[in-house]
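The values are calculated or read from the model by the stated rules, or taken from the named source; none is laboratory data. Quick caveat, the model's predicted, so the values are computed rather than measured. Neighbour counts are summed over all protein chains in view; Cβ atoms, including those assigned to glycine, are modelled from backbone coordinates with ideal geometry. Just the protein is used for accessible areas: all its heavy atoms, side chains included, with ligands, DNA and RNA removed. Shrake-Rupley method; radii C 1.70, N 1.55, O 1.52, S 1.80 Å.
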Amino acid sequence: MTRHAPPRWLLIASLAALALAVALASLLFGPVDLSVGRLLAAATGADDRVASIILFELRLPRTLLGLAVGAILGLAGAVLQGYLRNPLAEPSVLGTSNAAALGAVAALYFGLAQLHPAVLPLLATGSALVSLALLFALAGRAESPLTLILAGLAVATLAGAGISLALNMSPNPFAAMEIMTWLLGSLENRSFAHLWIALPCIALGGLLLLWNGRSLDALTLGEDAAQALGVDLARMRLRLLIGTAIGVGGAVAVSGAIGFVGLIVPHLIRPFTDRSPSAILLPSAIGGAALLTLADLGVRIIPTTNELKLGVVTAFLGVPVFLVHLMRERRLW
Amino acid sequence: MVRLVLDRIGVTLGRRAVVRDIGATFAAGSLTGIVGPNGAGKSTLARAMLALVPATGAVCLDGQDVSALPRADLARRIAYLPQGQTLHWPLTVERLVGLGRLPHLAPMSRIAPADAEAIERAMARADLLDLRHRIATELSGGERARALFARALAVEAPALIADEPLASLDPGHQIDVMALMRAEADAGALVIAVLHDLTMAARYCDRLLLIDGGTVAADGAPAAVLTPDHLRAVYGIEAEVRLDGAWPTITTLGRSPAQYRT
């Protein structure tokens, strides 16, 4: 088989156009129907209080948060897959998202988040970092996908149990509902205050992750060859651990653990690239932004009595990816 | 002129001393074969030359300790082809060979025309131009071995260390790869190859380092190293050695009687 991938700029431009279109749709559609004219008028400062509140206090922060969280989840998935040389790696499969959610839950329900605005993202980032360290320790140096997935399952289950325990013990009548929100993720009722917590972490984490493209390419040849090509593996591992922990930690601190975005997006992007790990990093970030915003739009406009949790939608989208891998492993396809 | 000096190299993996007290000097323009039985420490010695494994003693490249050199600097000066055919993603041959230019790229820069030319040269020399758009993980073992060898050539470093570059190659392509390494050496490169095929080693190498039990059992010209006595002591085989004439051959006759093995 031969391969000729489309030019990289075309892929990035198409994905950016898609993300923009989805973001505009996310501003336009919701439980309350607002015409384009009314939204435009509100955006340009007309005196329409309802439209203005809906646009600036509900839909805009929610849309921006969806784009940012989706971008870091897509990017983290792409980077982790490249680093671990495993197409099933991503923050939620490896337990990083649940661990970050556990940190956020601890900050919120033990009252620590009230001490300082930085406590919430710090605890989420810290527990994400601990979970990644634990994961690498559990999985060891083996390059077996199975070991890694098992270690990720252990970390995710442990963190999930921790979240449930923390919420069970908290004197909160809505605990059961809250457990769902943290384990499945949601962007409901998020304000600019949430965005300001998440955005700096996502930006910093994203930069640290994007920096690894070439080193990830070199790792395609294995660790020895990568080092002989000039890659400092220890430094790269550090950048990657800290980048993932800060980025995913900051995102999960406001959105809860939204699964599978980092799994689905690189999988969809890869066929349009030359398959090298560096080629999917930026496209996965843009694609993740588009996918999560789209899923969040779906959550809002699919008519249900209670709003659907975002993670439910992404989980439905994630299952086919696992099935495709299963079928390839069994050589059914 | 590149020069690599090993000064009393020792490597311990776990509790086992895999390489013990090995000293040797390698000069530009030479093709040295490292030969020896399985588990003798050949690959570990090669890895120690690139500071890929913690070692005692010193490995000096042009007078500088390789373990103190920045990785990127070392990568431009010694190309390394590891053992096995590790390739984790289905890259095209051209993209795979292009990985050899990574040490030359400045941060955040794109492939320059000089890099593209180096990639073309490497592919041409390994006879890969027709396969450039093929997916490397779907090639035959021999084709993939050539693509990985071309990746090491694309570095265009003054020194090349290849660990079993002939594995999974048919006799024709074995000759091609040996001839390529010979040509690299004749063009002034320092080439070291870990080899199992003693006839190939005898035909193409200027010098052989026979390793046994982590130490040097013999070091010198093929005729001095590949003697029936050495082969009996190190490999435990009886062999017919004909190194005079245009086509040296080493024919394994059988296992040596147990009492002659060491």
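Observations on the model:
- If you go through region B:204-237 and keep only what is surrounded by 20 or more Cβ atoms within 10 Å (Cβ to Cβ) and assigned to a helix (DSSP H, G or I), you end up with B:TYR204, B:PRO222, B:VAL225, B:LEU231, B:VAL234, B:TYR235.
- Enumeration of residues in region A:84-132 that are away from chain B (no Cβ under 14 Å) and of a type in the set (D, E, K, R): A:GLU90
- A:LEU195 being farther than 18 Å from B:HIS104 by Cα, at pLDDT 95 or above and either at the interface with another protein chain (Cβ under 9 Å from one of its Cβ atoms) or assigned to a helix (DSSP H, G or I) (or both): no
- So A:LEU94, is it part of a helix (DSSP H, G or I), crowded, with 24+ Cβ neighbours inside 10 Å and in contact (Cβ under 8 Å) with a residue 24 or more places away in the chain: no
- Positions within region B:91-125 being polar (S, T, N, Q) and facing chain A (nearest Cβ under 9 Å), in sequence order: B:THR92
- Note on region A:219-256: residues that are away from every other protein chain (no Cβ under 14 Å) and open to solvent by less than 20 Å² (accessible area, probe 1.4 Å) total 14.
- Within region B:145-170, considering residues that are more than 12 Å from chain A (Cβ to nearest Cβ) and over 19 Å from B:LEU31 (Cβ atoms), the one farthest from the chain's Cα centre (by Cα): B:ASP170
- Residue match in region A:321-331 (condition: closer than 19 Å to A:ALA25 by Cα, touching a Phe, Trp or Tyr at 6+ places or on another chain (Cβ under 9 Å) and aliphatic (A, V, I, L, M)): no
- Qualifying residue in region B:76-90 (condition: open to solvent by 20 Å² or more (accessible area, probe 1.4 Å), more than 7 Å from chain A (Cβ to nearest Cβ) and over 30 Å from B:VAL53 (Cα atoms)): no
- Pairs where the first residue, in region B:1-21, is outside any strand (DSSP E or B) and the second is not small (Gly, Ala, Ser), C-beta under 6 Å, 6+ apart: B:VAL2/B:PRO158; B:VAL2/B:LEU190
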